[in-house]
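A.B. asks: Below is one structure. I have some questions about it.
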Amino acid sequence: MHFFWSIALLSLAGMAAAAPGTDCRPDAETAARLLNATRGRVQVCGGHSWPAAKALRWQALLDESSRRYALELAARDRLDHIGANGATLRTRLHEVGYVMRVSGENLAGGPESFDEALAHWLASPTHCENLMAADFEDFGLACVTGPGRLQRYWVLQMATPQASRPAEPR
């Protein structure tokens, strides 16, 4: 489990926090552009070079799952891939009706912008590998504000639906 801290947190400490639950993410088009620009370049994750990966498409169910989980994280003022009720990413995706074949989730607390959250994830080998995984097709992104120490809670969920299973070779 990785916790991400931003130098920006120090400057935010003296500022009034936004209303709890306020949406702080970019619109879906901007998020897709930034995420896919990152995936479209070779990245070095923990000393291992990852080739450019195909573009992801925004997916409403993943977006909703990300939003719900970001709200939970803000309410709990913590980052954890296991929900308060023990729910895993698979469970969260199932709850919104997304039947996944593969999935991954990146969390960040504190970054003021999606660019900053991406930079944190690229600096973490595990999260960088998630960003560059070629198996993913879809994504959902959420950022909400909270009153706690982290102030902003980012959730990026990436997955491929069960129905996208590659055809069996003949």
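A.B. asks: Can you pull out every residue in region 74-88 that is open to solvent by less than 70 Å² (accessible area, probe 1.4 Å) and outside any helix (DSSP H, G or I)? So that I can check it myself, show each step before the final result.
C.D. replies: Of all residues in region 74-88, those open to solvent by less than 70 Å² (accessible area, probe 1.4 Å) come to 74, 76-77, 79-81, 83, 86-88.
The answer is Asp77, Leu79, Asp80, His81, Gly83, Gly86, Ala87, Thr88.
A.B. asks: For residues that are open to solvent by less than 60 Å² (accessible area, probe 1.4 Å) and farther than 11 Å from Val44 by Cβ, tally how many sit in region 120-138.
C.D. replies: 10
A.B. asks: Something else: Being closer than 27 Å to Gly148 by Cα and surrounded by fewer than 23 Cβ atoms within 10 Å (Cβ to Cβ) is the filter here, so list the residues in region 99-117 that pass it.
C.D. replies: Going through region 99-117, the residues closer than 27 Å to Gly148 by Cα turn out to be 104-117.
Matches in region 99-117: Gly104, Glu105, Glu112, Ser113, Phe114, Asp115, Glu116.
A.B. asks: Right, here's the next one. Looking at region 30-48, which of its residues are open to solvent by less than 70 Å² (accessible area, probe 1.4 Å) and either out of contact with any His (no Cβ under 9 Å at 6 or more places or on another chain) or more than 16 Å from His120 (Cα to Cα) (or both)? Show your work before the answer.
C.D. replies: Our first condition is that a residue be open to solvent by less than 70 Å² (accessible area, probe 1.4 Å); within region 30-48, this holds for 30-32, 34-40, 43, 45-46.
Scanning region 30-48 gives Thr30, Ala31, Ala32, Leu34, Leu35, Asn36, Ala37, Thr38, Arg39, Gly40, Gln43, Gly46.
A.B. asks: Just checking, which of Val144, Val96 is modelled with pLDDT of 95 or more, buried (at least 20 other Cβ atoms within 10 Å of the Cβ), of a type in the set (Val, Ile, Thr) and more than 22 Å from Cys45 (Cβ to Cβ)?
C.D. replies: Working: Val96 fails: buried (at least 20 other Cβ atoms within 10 Å of the Cβ).
Selected residue: Val144, the only one of Val144, Val96 that is modelled with pLDDT of 95 or more, buried (at least 20 other Cβ atoms within 10 Å of the Cβ), of a type in the set (Val, Ile, Thr) and more than 22 Å from Cys45 (Cβ to Cβ).
A.B. asks: If you go through region 30-73 one residue at a time, how many are part of a loop (DSSP other than H, G, I, E, B), under 24 Å from Gly109 (Cβ atoms) and in contact with a strand residue (DSSP E or B) (Cβ under 9 Å, 6 or more places away or on another chain)?
C.D. replies: First, the residues of region 30-73 that are part of a loop (DSSP other than H, G, I, E, B): 40-42, 46-47, 51-56, 59.
Filter once more, keeping what is under 24 Å from Gly109 (Cβ atoms): 46, 56, 59.
Filter once more, so that each one left must be in contact with a strand residue (DSSP E or B) (Cβ under 9 Å, 6 or more places away or on another chain): 56, 59.
Residues that pass the stated criteria total 2.
The values are calculated or read from the model by the stated rules, or taken from the named source; none is laboratory data. It should be emphasised that the depicted structure is a prediction, and the values quoted were computed from it without experimental measurement. Methodologically, a virtual Cβ is constructed for each residue, glycine included, from the backbone with ideal geometry; neighbour enumeration extends over all protein chains shown. Just the protein is used for accessible areas: all its heavy atoms, side chains included, with ligands, DNA and RNA removed. Shrake-Rupley method; radii C 1.70, N 1.55, O 1.52, S 1.80 Å.
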